[in-house]
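Before any comments, here is the structure.
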Amino acid sequence: MLAIYATDPNKTRGRLYPEKEAEYRTCFQRDRDRILHSEAFRRLESKTQVFVYHEGSSLRTRLTHSLEVAQITRSLCRMLNLNSDLGEAIALAHDLGHPPFGHAGEMALNECMNEYGGFDHNAHSLKIVTYLEQRYPKFNGINLSWETLEGLIKHNGPLLKKNNMVVLPVDMQEFNSKWDLELDTFSGAEAQIAALADDIAYSNHDTDDGLKTGFTNVKEMLNVDFFNRHYKKVCEDYSDIDKSRIDAETVRRMINDMILDVAKYSKLEIEKINPKCVEDIRHADSQVIVFSEGMKKDLQELKSFLFSNVYRHYKINQMTSKGKRIIRDLFALLLSEKNILPPFWQMLVKEAPDQSAKARVIADFIADLTDASAIELHTRLFNPQVRI
């Protein structure tokens, strides 16, 4: 039974291109399935989360990260009697728009696009599912439900403030002019859960991967109070197991602690506003899916530690430096020599009305590359000894 403020698939605002809905699946289950079958989702397998895709077979990629976010989202939705199908769809799609080489790749592509309106991975996610995926005979994109699209781009909160001028990414502006996603309100609770599930997943799993790679160690991690508390308790409970199992159990308990915290304090937040429908969630003064103040501090301390000790490790810096140079080189060359793009992308360039639009096509092409295909393309185009 769904809560009265959950998103009801029977009351969906529909799809941009009307379709007959499936007989045995709700609209949000169908959205989830379309995302899973998309080319963009498969490409996440070879896109960087923190560590380059080939550095270790057991390390997280964008794909495994998205699956982990979806799992946490499903759990929280069920604990709060929300629509787990919608939450899962949003979680699976939330990173589709990331370019190769993680946040470093996005920074480099944004710099390249500085005079053309910049690059934003959330806007690119929207463009993928509404245009760039071209699999269906009657429309471009995968024609997701309004609620899934809303959650995809608003999971971190409203993008516009009432009576306040904010410059949105061009692709968001263009789509929102076709179909109003109400960018000045919060999303439903399911999308808010996906956003916090993202924080829970990456902060804990980057801890796990950091320990596995040796980019950090337990001695350093014990300076983080949240890790310290759980690690010492695991050591008390299990005095005779090997180190790797202690580390894994510590991270597992950290994840569980965060999930239970969100469930408990979100219930309290929801009770404050006593919502009667999903619209009450959207029009609340603040988001209703929250951490406790204590957990916010714990999470911020953990993130700060990871930023200083893992994300800025010199080996990570070397990789991100290389990735940025590859992105910059490809953008500059392809913008000046558009005839070396694959045929589909050449067609999009020819259809683009001005230089800014042409540059966006180049950025879209690069963003859709995986780490592996970006490295391969750069090698073929810039190394004269490699055959085309």
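The values are calculated or read from the model by the stated rules, or taken from the named source; none is laboratory data. Since this is a predicted model, take the numbers as computed values, not measurements. Glycine also receives a Cβ, built like all others from the backbone with ideal geometry; neighbour counts cover every protein chain displayed. The area values use the complete protein model at the heavy-atom level, side chains included, leaving out ligands, DNA and RNA. Shrake-Rupley method; radii C 1.70, N 1.55, O 1.52, S 1.80 Å.
Worth pointing out:
- The set of residues in the range 304-359 being touching a helix residue (DSSP H, G or I) at 6+ places or on another chain (Cβ under 8 Å), among the hydroxyl-bearing types (Ser, Thr, Tyr) and closer than 24 Å to Val170 by Cα consists of Ser356 alone.
- Checklist (1) farther than 30 Å from Glu21 by Cα; (2) among the small types (Gly, Ala, Ser); (3) open to solvent by less than 20 Å² (accessible area, probe 1.4 Å) applied to Ser145, failing item: (1)
- Some residue of the range 338-348 being under 22 Å from Leu132 (Cβ atoms) and in a loop (DSSP other than H, G, I, E, B): yes
- When the residues of the range 1-32 are filtered to those that are assigned to a helix (DSSP H, G or I) and surrounded by 14 or more Cβ atoms within 10 Å (Cβ to Cβ), the one that is nearest to the chain's Cα centre (by Cα) is Arg32.
- Residue count for the range 222-234, restricted to those that are open to solvent by less than 60 Å² (accessible area, probe 1.4 Å) and either touching a residue at least 60 places away in the same chain (Cβ under 8 Å) or of a type outside the set (Ser, Thr, Tyr) (or both): 7
- Looking across the range 196-212, the residues that are open to solvent by less than 10 Å² (accessible area, probe 1.4 Å) and either out of contact with any helix residue (DSSP H, G or I) (no Cβ under 7 Å at 6 or more places or on another chain) or of a type in the set (Gly, Ala, Ser) (or both) come down to Ala197, Ala201, Ser203, Asp209, Gly210.
- Taken over the range 273-332, the criterion of being basic (Lys, Arg), within 22 Å of the chain's Cα centre (by Cα) and assigned to a loop (DSSP other than H, G, I, E, B) is satisfied by Arg312 alone.
- Matching residues in the range 297-315 - criterion: being open to solvent by less than 90 Å² (accessible area, probe 1.4 Å) and of a type in the set (Lys, Arg): Lys303
- The residue of the range 114-129 that is surrounded by the fewest Cβ atoms within 10 Å (Cβ to Cβ), among those that are in contact with a Leu (Cβ under 7 Å, 6 or more places away or on another chain) and not in a loop (DSSP other than H, G, I, E, B), is Ser125.
- Answer residue from the range 360-388, given it is open to solvent by 60 Å² or more (accessible area, probe 1.4 Å) and of a type in the set (Lys, Arg) and is nearest to Ala40 (Cα to Cα) among those: Arg380
- Residues of the range 42-85 that are modelled with pLDDT of 95 or more, under 12 Å from the mean Cα position of the chain (by Cα) and not charged (D, E, K, R): Ser66, Leu67, Val69, Ala70.
- Extreme residue, nearest to Ile289 (Cα to Cα), among residues of the range 235-258 that are touching a residue at least 40 places away in the same chain (Cβ under 8 Å) and surrounded by 17 or more Cβ atoms within 10 Å (Cβ to Cβ): Met258
- Which listed residue, of Leu86, Leu152, is in contact with a Phe, Trp or Tyr (Cβ under 8 Å, 6 or more places away or on another chain) and aliphatic (A, V, I, L, M): Leu86
- Note on the range 89-130: residues that are within 12 Å of the chain's Cα centre (by Cα) and not small (Gly, Ala, Ser) total 13.
- Pairs where the first residue, in the range 348-367, is of a type in the set (Val, Ile, Thr) and the second is not in a helix (DSSP H, G or I), C-beta under 6 Å, 6+ apart: Val361/Ala352
- Pro384 vs. criteria closer than 19 Å to Pro169 by Cα, not hydrophobic (A, V, I, L, M, F, W, C) and not in a helix (DSSP H, G or I): no
- Considering the conditions (1) over 22 Å from Ala374 (Cα atoms); (2) open to solvent by 30 Å² or more (accessible area, probe 1.4 Å), Glu45 is excluded by exactly one of them, (1).
- Counted residues, the range 330-359 - those being closer than 27 Å to Met319 by Cβ and surrounded by 12 or more Cβ atoms within 10 Å (Cβ to Cβ): 10
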